[in-house]
Amino acid sequence: LGQWSWEAGDTVINTGGNYGIKSQSSSANKPGGRDAATSWTDAIGNLWLFGGYGYDGANSYGRLNDLWKYDIMSSQWSWQNGDTLINKEGNYGSKGVSSVSSKPGSRYSSISWRDLSGNLWLWGGYGYD
């Protein structure tokens, strides 16, 4: 207890992401370096990461809207949704109706929480609508 261990990621700063294939975990996948991202855990302990200000798949620096999952059991990342490049506008669709084409715009400093049903709620941030 009370000790750190390095689990995954780069040993240098300011690196771009390696997205791989959407929803497929791989030891080669990794989000790019970033700050002011939103994070949470799911009901089984996996770690989730959304957006922030950082480096995309082309190693460009800006606002992100990528959604990542870190699987605790496999110690691997998988890109779940969003764009692989910076500064993208959102697609909001119809209010209250979920859709595979819906996604928030690129942003940083948003907040999130998970409700009792396991749904993620995302609010605010600086970025693109």
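The values are calculated or read from the model by the stated rules, or taken from the named source; none is laboratory data. It should be emphasised that the depicted structure is a prediction, and the values quoted were computed from it without experimental measurement. Neighbour counts run over all protein chains shown; Cβ positions are idealised from the backbone, glycine included. Side chains are part of the model used for accessible areas, which takes the heavy atoms of the whole protein and leaves out ligands, DNA and RNA. Shrake-Rupley method; radii C 1.70, N 1.55, O 1.52, S 1.80 Å.
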Q | Filter result (surrounded by fewer than 19 Cβ atoms within 10 Å (Cβ to Cβ) and over 16 Å from N29 (Cα atoms)) within segment 41-61 | A | T41, D42, A43, I44, G45, S60, Y61
(Q) Whether any residue in segment 12-25 is in a strand (DSSP E or B), surrounded by 20 or more Cβ atoms within 10 Å (Cβ to Cβ) and not small (G, A, S) is what I want to check. (A) no
Q | Conditions (1) over 11 Å from the mean Cα position of the chain (by Cα); (2) over 18 Å from W113 (Cβ atoms); (3) open to solvent by 50 Å² or more (accessible area, probe 1.4 Å): number failed by R34 | A | (1)
Q: Output the qualifying pairs, or none if there are none: Cβ atoms under 6 angstrom, residues six or more apart or on different chains, first residue in segment 104-117 and closer than 14 Å to L64 by Cα, second residue buried (at least 18 other Cβ atoms within 10 Å of the Cβ) and among the hydrophobic types (A, V, I, L, M, F, W, C).
A: S106/L64
Q. Of the residues S94, S75, S110, which single one is loosely packed, with under 11 Cβ neighbours inside 10 Å and out of contact with any Cys (no Cβ under 6 Å at 6 or more places or on another chain)?
A. S94
Q | Number of positions in segment 113-126 that are open to solvent by less than 70 Å² (accessible area, probe 1.4 Å) and either closer than 26 Å to I44 by Cβ or within 15 Å of the chain's Cα centre (by Cα) (or both) | A | 4
